[in-house]
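Accompanying notes for the structure given below.
The values are calculated or read from the model by the stated rules, or taken from the named source; none is laboratory data. Treat the numbers as computed from the prediction; the structure is a model and nothing was measured. Cβ: placed from backbone, ideal geometry, glycine included. Neighbour counts: every protein chain shown. Accessible surface is based on the protein model in full, side chains and every heavy atom, while ligands, DNA and RNA are left aside. Shrake-Rupley method; radii C 1.70, N 1.55, O 1.52, S 1.80 Å.
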Amino acid sequence: MPDTHAPALLDRLAAILGPRGLLTEAADIAPHLVDWRNLYQGASPAVARPGSVEEVAAVVRLCAETRTPLVPQGGNTSMVAGATPDATGRTIVLSLARLNRIRDLDPADMTMTAEAGVVLKAAQDAAAEAGCLFPLSLGAEGTATIGGVLSTNAGGNTTVRYGNARELMLGIEAVLPDGSVWNGLRRLRKDNTGYALRHLLVGAEGTLGVITAAVLRLFPRPNDTATAFCAVADEDAALALFRRFRGRDEAAVRAFEYMSGAGVDLAVKHIEGVALPLGARADHYVLVDLASPRPDAGLRGMAEAVLEEAFEAGEVLDATLADSDAAAKRLWRIREEHPEAQKREGASVKNDVSVPVSKVPEMIRRCSAALVALIPGSRPVPFGHIGDGNIHMNLEQPEGMDPAAFLARSHDIMDCVNAIVRDLGGSFSAEHGIGRLKTDMMESWRGGPELAAMRAIKSALDPLGIMNPGKVLP
Ligand code: FAD
Ligand code: 2HG
Ligand code: ZN
């Protein structure tokens, strides 16, 4: 055990948490020490699994007293290793998994109060059972938690219609770095009462406190939907189609996702049950998802009319409309399995970037050309939330190249994309956050007064620096 204080610390943690609440066996803690992408291997003497807010507070107080770093962890699906401890072996992993109760669901106020460890899919299901919609949706929704999606201000597939996680949150309960419990579970639409602490905790990636519960906004359940998978002429055509749908009925566009031919090929190749639903392969595709609470919205007819116009304009080459929920799910799988398919193909480098929506086609074209020039034989796989200007400008290794040699070029690859993104007025991290992976980019992108203010906030709230050290701030 690297830290000589650890045994006493572990005894005290065990006294707070009881046998169900503390993992110390190597095999039990191993899955908590590595990130989803297998980029970082951390070390830790224990995973604390508190079963109540009071236990979270007691753990944080003990960590503050003993100056022990801790890393909050939800579903551990971070794309930037935000929930992975460092390799020193001093950091305690604080898993929120046992805080998984939905405390309240109010269809009149359209709110749900959920604990941090509630899995996103379970929150969606609870809302649906009450005849409502919790709209946040992303590929990791079967594992990611409410605490995690709020701490990363996750976006996902429905941001275009409902906003990021931040826009879906009304109130928060958190344990602050000194171990005090702040109950901000107000379910108010309007609450201008000083600095919005709740918004500081959203997107803080566990560096300012531990979210233990949140009040979430609900929406009316859709009663009419339509889902289309389309081959489009190019990136400009994808955007033109987006404008057509938005122009027809902005509120109905629940998701609008772009996929390159390369990405769809990989999904078909690696994922069982995924097949191309069109007659011929194309270089560019979009998935359009429409939804309305009005049962008589006529979305299928609307989609057919818009696709027909776009076909005549040469934007759409071919398209299919789902004729059942199961068919819609099959179309969505092609998109949702992109991360897994890329993982199975070999080493890939992710660039979760955003630009003004109108600049997406230029960004994809310039980045693709620059990346292939940088690493001949590498395969650009751009895909994602084109309606938000957020493309995952990922690069798959050349076939046959040593994965380690390719990953050794990660920073060159990210620099290459980021230079173009900066030129187009974009961001180097659209929705995944900074975590551990991108801290070294903060100075050049957010340096000056912005980073100075962030540091001041960090030292005001966490003067001992115990909350998720080494993440977000360089
Ligand atoms: P973790 O990975 O456990 O933690 C994420 C960060 O939040 C860490 O910094 C951690 O310390 C902190 N944290 C976790 N819980 C708490 C808490 N209770 N209090 C304080 N800090 C906490 N993201 C998107 O935005 N859009 C997508 O479309 C998307 N798709 C994904 C698809 C796949 C297949 C995968 C693997 C990931 C995807 N992600 C996406 C990444 C995304 O960030 C996560 O899925 C999700 O937001 C993290 O939730 P989690 O519970 O797994 O958090
Ligand atoms: C998605 O949109 C996620 O599927 C993951 O944000 C993106 O794998 C990626 O790069
Ligand atoms: Zn995404």
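So which residues in the range 131-140 are within 12 Å of ligand 1 (Cβ to nearest atom) and either more than 9 Å from the chain's Cα centre (by Cα) or open to solvent by less than 10 Å² (accessible area, probe 1.4 Å) (or both), if there are any at all? Within the range 131-140, 136, 137 qualify. Criterion applied to 245, 311, 256 was being of a type in the set (Phe, Trp, Tyr) and farther than 21 Å from residue 159 by Cα, and the one residue passing it is 311. Please verify whether the range 312-321 includes one or more residues that are surrounded by fewer than 21 Cβ atoms within 10 Å (Cβ to Cβ), touching a residue at least 12 places away in the same chain (Cβ under 8 Å), under 30 Å from residue 271 (Cα atoms) and of a type in the set (A, V, I, L, M, F, W, C). The answer is yes, given that some residue of the range 312-321 is surrounded by fewer than 21 Cβ atoms within 10 Å (Cβ to Cβ), touching a residue at least 12 places away in the same chain (Cβ under 8 Å), under 30 Å from residue 271 (Cα atoms) and of a type in the set (A, V, I, L, M, F, W, C). Restricting attention to the range 248-304, the residues that are of a type in the set (Gly, Ala, Ser) and in a loop (DSSP other than H, G, I, E, B) total 7. Filter the range 173-194 for residues that are part of a strand (DSSP E or B) and open to solvent by 30 Å² or more (accessible area, probe 1.4 Å); which is nearest to residue 134 (Cα to Cα)? In this case the residue turns out to be 183.
When the range 149-164 is filtered for residues that are within 13 Å of ligand 2 (Cβ to nearest atom) and within 15 Å of residue 123 (Cβ to Cβ), the ones remaining, listed by number, are 149, 154, 156, 158. Residues in the range 151-161 that are open to solvent by 20 Å² or more (accessible area, probe 1.4 Å) and within 13 Å of ligand 1 (Cβ to nearest atom) were compared, and the one that is farthest from residue 338 (Cα to Cα) is 151. Kindly list the number of the only condition in (1) open to solvent by 20 Å² or more (accessible area, probe 1.4 Å); (2) within 16 Å of ligand 3 (Cβ to nearest atom); (3) free of Cβ contacts under 8 Å to residues at least 40 places away in the same chain that fails for residue 148. Evaluating residue 148 over (1) open to solvent by 20 Å² or more (accessible area, probe 1.4 Å); (2) within 16 Å of ligand 3 (Cβ to nearest atom); (3) free of Cβ contacts under 8 Å to residues at least 40 places away in the same chain leaves (3) as the failure. Within the range 426-474, being assigned to a loop (DSSP other than H, G, I, E, B), in contact with a strand residue (DSSP E or B) (Cβ under 7 Å, 6 or more places away or on another chain) and on the phi < 0 side of the Ramachandran plot holds for 426, 428, 429, 430, 431, 432, 466.
Quick grid of which residues meet (1) of a type in the set (Ser, Thr, Tyr); (2) open to solvent by less than 20 Å² (accessible area, probe 1.4 Å); (3) closer than 23 Å to residue 115 by Cα:
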| residue | (1), (2), (3) |
| --- | --- |
| 13 | no, yes, yes |
| 27 | no, no, no |
| 34 | no, no, no |
| 42 | no, yes, no |
| 52 | yes, no, yes |
| 55 | no, no, yes |
| 60 | no, yes, yes |
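Whether any residue in the range 245-265 is within 20 Å of residue 364 (Cα to Cα), in contact (Cβ under 8 Å) with a residue 40 or more places away in the chain, surrounded by 16 or more Cβ atoms within 10 Å (Cβ to Cβ) and touching a His at 6+ places or on another chain (Cβ under 6 Å) is what I want to check. The answer is yes, given that some residue of the range 245-265 is within 20 Å of residue 364 (Cα to Cα), in contact (Cβ under 8 Å) with a residue 40 or more places away in the chain, surrounded by 16 or more Cβ atoms within 10 Å (Cβ to Cβ) and touching a His at 6+ places or on another chain (Cβ under 6 Å). Scanning the range 100-144 for residues that are of a type in the set (Ser, Thr, Tyr) and more than 21 Å from residue 190 (Cα to Cα) returns 137, 143.
Yes/no matrix, rows are residues, columns are (1) under 14 Å from residue 206 (Cα atoms); (2) touching a residue at least 40 places away in the same chain (Cβ under 8 Å); (3) within 12 Å of ligand 1 (Cβ to nearest atom):
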position: 34; (1), (2), (3): no, yes, yes
position: 38; (1), (2), (3): no, no, yes
position: 57; (1), (2), (3): no, yes, no
position: 74; (1), (2), (3): yes, yes, yes
position: 99; (1), (2), (3): no, yes, yes
position: 106; (1), (2), (3): no, yes, no
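Of all the residues in the range 29-70, those that are among the aliphatic types (A, V, I, L, M) and not in a helix (DSSP H, G or I) number 8.
When the range 430-440 is filtered for residues that are within 13 Å of ligand 3 (Cβ to nearest atom) and open to solvent by 20 Å² or more (accessible area, probe 1.4 Å), the ones remaining, listed by number, are 430, 431, 432.
Number of residues in the range 226-244 that are acidic (Asp, Glu) and crowded, with 18+ Cβ neighbours inside 10 Å: the value is 1. Determine the pairs where a residue that is polar (S, T, N, Q), located within the range 404-430, has a partner that is buried (at least 21 other Cβ atoms within 10 Å of the Cβ) and assigned to a helix (DSSP H, G or I) with Cβ atoms under 8 Å apart, the partner being 6 or more residues away or on another chain. Close Cβ pairs (under 8 Å, with a partner that is buried (at least 21 other Cβ atoms within 10 Å of the Cβ) and assigned to a helix (DSSP H, G or I)) amount to 427/421. Does residue 296 qualify as being away from ligand 2 (no atom under 16 Å from the Cβ) and either closer than 21 Å to residue 251 by Cβ or open to solvent by less than 50 Å² (accessible area, probe 1.4 Å) (or both)? Spelling it out, residue 296 is indeed away from ligand 2 (no atom under 16 Å from the Cβ) and either closer than 21 Å to residue 251 by Cβ or open to solvent by less than 50 Å² (accessible area, probe 1.4 Å) (or both). Scanning the range 76-93 for residues being crowded, with 23+ Cβ neighbours inside 10 Å and assigned to a loop (DSSP other than H, G, I, E, B) gives a total of 10. Within the set 96, 120, 170, the sole residue that is open to solvent by less than 30 Å² (accessible area, probe 1.4 Å) and either among the aromatic types (Phe, Trp, Tyr) or more than 30 Å from residue 342 (Cβ to Cβ) (or both) turns out to be 170. With the condition kept exactly as written, say whether any residue in the range 322-339 is of a type in the set (Gly, Ala, Ser), open to solvent by less than 20 Å² (accessible area, probe 1.4 Å) and within 15 Å of ligand 1 (Cβ to nearest atom). No. Of all residues in the range 100-117, those being more than 20 Å from residue 223 (Cα to Cα) and buried (at least 16 other Cβ atoms within 10 Å of the Cβ) number 9.
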